[in-house]
Amino acid sequence: MIAVDDRLDLIHEEIARCTKCALHETRTHTVPGEGSPNARLMIVGEAPGAREDETGRPFVGRSGNLLTTYLSEIGLTREEVFITSVLKCRPPRNRSPHRNEIDACLPYLIRQIMSIQPEIIMLVGGVAISSLIGPWKLADAHGRFYEANGLKFFMTYHPAAALRFPKIADVIRQDLQILRAELDIGGH
Ligand code: SF4
C-alpha cells in the first residue's frame, strides 16, 4: 500500500506542474502546504500571499507568524499540524480568489484531506469556509464545528483579520480554546 507521505508527495508534484487556472502564469512558486502527514489537525486558509509565493511555504508572512503563535498557545507546533490553503498559487496583488480558480484547485485540497485524514479541519476565513462548506457569515460560524461527509470542520477568522482588527485576535484565541478542548491537548 502506498504510504501517506508518498501520496502527499505525488499530489505536491502535480501541483508544482499545474496549469489548470490562469494563476500559474503569475506565480513564482506553488504553495502546496506543509506539516505532518499524520496530522490530527489540518488548517486551511485562503491563498498564498507575497511571502508564500516567494518561498513556496504556507503561512510564513505576518499572518503566518500570528497563526504559529496562536497554535503554540494551545500547545501545538507547526510541525505536528498540516497547513495549506484553498488555492495553491498566489492571486495577483492578493485579490480574492475567483470561483473558477477555486473550482480548479479544490480537488488538490480534497485529495490532501483524504490522504492525511485529520480528525479536524480548521477553516480560517470566509473563503475557506465557503469553499468547503458553503456561505456562512463568519460572525455566526466562528468557534463552531460542522460535520459533513465524514469530515469534521472547525471555523474561525483568518489571522490576517487579527492584524487589521485587534479585537479579532481575542476572538480567535477564544475559538482556539474550544478547539484545544476538542483535541484534548494541553496548553495554557
Ligand atoms: S491555483 Fe491551483 S488550479 Fe490554479 S494553477 Fe495553481 S495549483 Fe493549479
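Miscellaneous remarks
- Residue in segment 33-43 that is more than 23 Å from Leu176 (Cβ to Cβ) and within 12 Å of the ligand (Cβ to nearest atom) present: no
- Of residues in segment 77-121 being of a type in the set (D, E, K, R) and more than 9 Å from the ligand (Cβ to nearest atom), the one nearest to Ala47 (Cα to Cα): Arg95
- The selection criterion, being of a type in the set (A, V, I, L, M, F, W, C) and free of Cβ contacts under 8 Å to residues at least 40 places away in the same chain, does not hold for Leu123.
- Segment 51-66, residues that are more than 14 Å from the ligand (Cβ to nearest atom), within 20 Å of Ile129 (Cβ to Cβ) and touching a strand residue (DSSP E or B) at 6+ places or on another chain (Cβ under 7 Å): Phe59
- Number of positions in segment 76-108 that are touching a Lys or Arg at 6+ places or on another chain (Cβ under 7 Å) and either loosely packed, with under 14 Cβ neighbours inside 10 Å or assigned to a helix (DSSP H, G or I) (or both): 3
- Among the residues of segment 8-28, just one is touching a Phe, Trp or Tyr at 6+ places or on another chain (Cβ under 9 Å), within 7 Å of the ligand (Cβ to nearest atom) and outside any loop (DSSP other than H, G, I, E, B), namely Ile15.
- In summary, Ser115 fulfils each of the numbered conditions (1) touching a Lys or Arg at 6+ places or on another chain (Cβ under 7 Å); (2) surrounded by fewer than 16 Cβ atoms within 10 Å (Cβ to Cβ) with the single exception of condition (2).
- The conditions of being free of Cβ contacts under 8 Å to residues at least 24 places away in the same chain and either touching a His at 6+ places or on another chain (Cβ under 6 Å) or within 12 Å of the ligand (Cβ to nearest atom) (or both) are not met by Glu46.
- Considering residues of segment 138-188 that are loosely packed, with under 11 Cβ neighbours inside 10 Å and in contact (Cβ under 8 Å) with a residue 24 or more places away in the chain only, the residue farthest from Ile43 (Cα to Cα): His188
Here, each number is a calculation from the coordinates, and none is a lab measurement. Nothing here was measured: the structure is a model prediction, and the numbers come from that model. Cβ coordinates were reconstructed from backbone atoms using ideal geometry, including for glycine residues, and neighbour counts include every protein chain displayed.
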